[in-house]
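Novice: A single structure is presented below for examination.
The values are calculated or read from the model by the stated rules, or taken from the named source; none is laboratory data. The shown structure was predicted, so the numbers you read here are calculated from the model rather than taken from an experiment. As a convention, Cβ positions derive from the backbone with ideal geometry for all residues, glycine included, and neighbour counts pool all protein chains shown. In case anyone asks, the SASA skips ligands and DNA or RNA and just uses the protein heavy atoms, side chains included. Shrake-Rupley method; radii C 1.70, N 1.55, O 1.52, S 1.80 Å.
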Amino acid sequence: MLTDEVFDFPREIDGEEDMIMNTRLFFKTAVPPKVLYKHVYNFRRNTASVSHTKKASVSHEEAFYRALYDSIPQGERSKYMSQIVFLKLNGLFPIAYNAPETLIDKHQSYMKQIADDARACGYHFSLKEWMLLHSSSKILLRLTGFAELVSRSLKYRLKSK
């Protein structure tokens, strides 16, 4: 199972290789993995890690989801499109907060692709997600990103207590 293909990641992807690797492994196994609903290890946030220090960018998101999408066998992709749309939108909130102009100016084709994929799989947007895809106001995008990031932070802090 652990072939070169499993570990072959595009250079522009840094920090989420494990998700791509796990996706590739999932589709290589004949027996579905078992999900444990137990606390089996302690997770510690490291503020100096790549996942906390890298700058979010649409270019990175595009490369990551292209690799993830290509890791799913062609005949299986439509089954997972709703989850992929959700994850793509999820990755855009930090960008909306930190660099909203990039969502308006430079990456319209990626934003259109997300909207088209959502339409094709019947994905229903939350208000925040809809704003993310359809707003052309930098202030509104920044506020939308900020609201989502605050919500995530509060959920994490309340969950860890």
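Novice: Where residues in the stretch 114-138 are open to solvent by 80 Å² or more (accessible area, probe 1.4 Å) and either closer than 18 Å to PHE86 by Cα or not polar (S, T, N, Q) (or both), which of them is modelled with the lowest pLDDT? Talk me through it step by step, then tell me what you get.
Specialist: Applying the first criterion (open to solvent by 80 Å² or more (accessible area, probe 1.4 Å)) to the stretch 114-138 yields 119-120, 124, 127, 130, 134, 136, 138.
In the following step, the residues that additionally are either closer than 18 Å to PHE86 by Cα or not polar (S, T, N, Q) (or both) were identified as 119-120, 124, 127, 130, 134, 138.
Details: ARG119: 95, ALA120: 94, HIS124: 96, LEU127: 94, TRP130: 94, HIS134: 91, LYS138: 95.
Here the residue is HIS134.
Novice: Please state which one of SER49, SER78 is modelled with pLDDT of 75 or more and either more than 28 Å from TYR156 (Cα to Cα) or not basic (Lys, Arg) (or both). Steps first, please.
Specialist: On the way: SER49 fails: modelled with pLDDT of 75 or more.
Step by step, each of SER49, SER78 is checked, and only SER78 is modelled with pLDDT of 75 or more and either more than 28 Å from TYR156 (Cα to Cα) or not basic (Lys, Arg) (or both).
Novice: Against the conditions (1) among the basic types (Lys, Arg); (2) surrounded by 10 or more Cβ atoms within 10 Å (Cβ to Cβ); (3) assigned to a loop (DSSP other than H, G, I, E, B), where does LYS79 fall short? Just the number, please.
Specialist: So the condition that LYS79 fails would be (3).
Novice: For LEU141, which of the numbered conditions (1) open to solvent by less than 70 Å² (accessible area, probe 1.4 Å); (2) not in a helix (DSSP H, G or I) fails to hold?
Specialist: Only one criterion in (1) open to solvent by less than 70 Å² (accessible area, probe 1.4 Å); (2) not in a helix (DSSP H, G or I) is unmet by LEU141, namely (2).
Novice: I would also like to ask the following. Return a yes/no flag: does the stretch 47-70 have any residue that is acidic (Asp, Glu), buried (at least 16 other Cβ atoms within 10 Å of the Cβ) and in a helix (DSSP H, G or I). So that I can check it myself, show each step before the final result.
Specialist: Taking the stretch 47-70 first, the residues acidic (Asp, Glu) are 61-62, 70.
Next, from what is left, pick out any that are buried (at least 16 other Cβ atoms within 10 Å of the Cβ): 61-62.
This time we only want the ones that are in a helix (DSSP H, G or I), so: 61-62.
The answer is yes; a qualifying residue exists.
Novice: Surrounded by fewer than 17 Cβ atoms within 10 Å (Cβ to Cβ) and in contact with a Lys or Arg (Cβ under 6 Å, 6 or more places away or on another chain): is that true of GLY15 in this structure?
Specialist: yes
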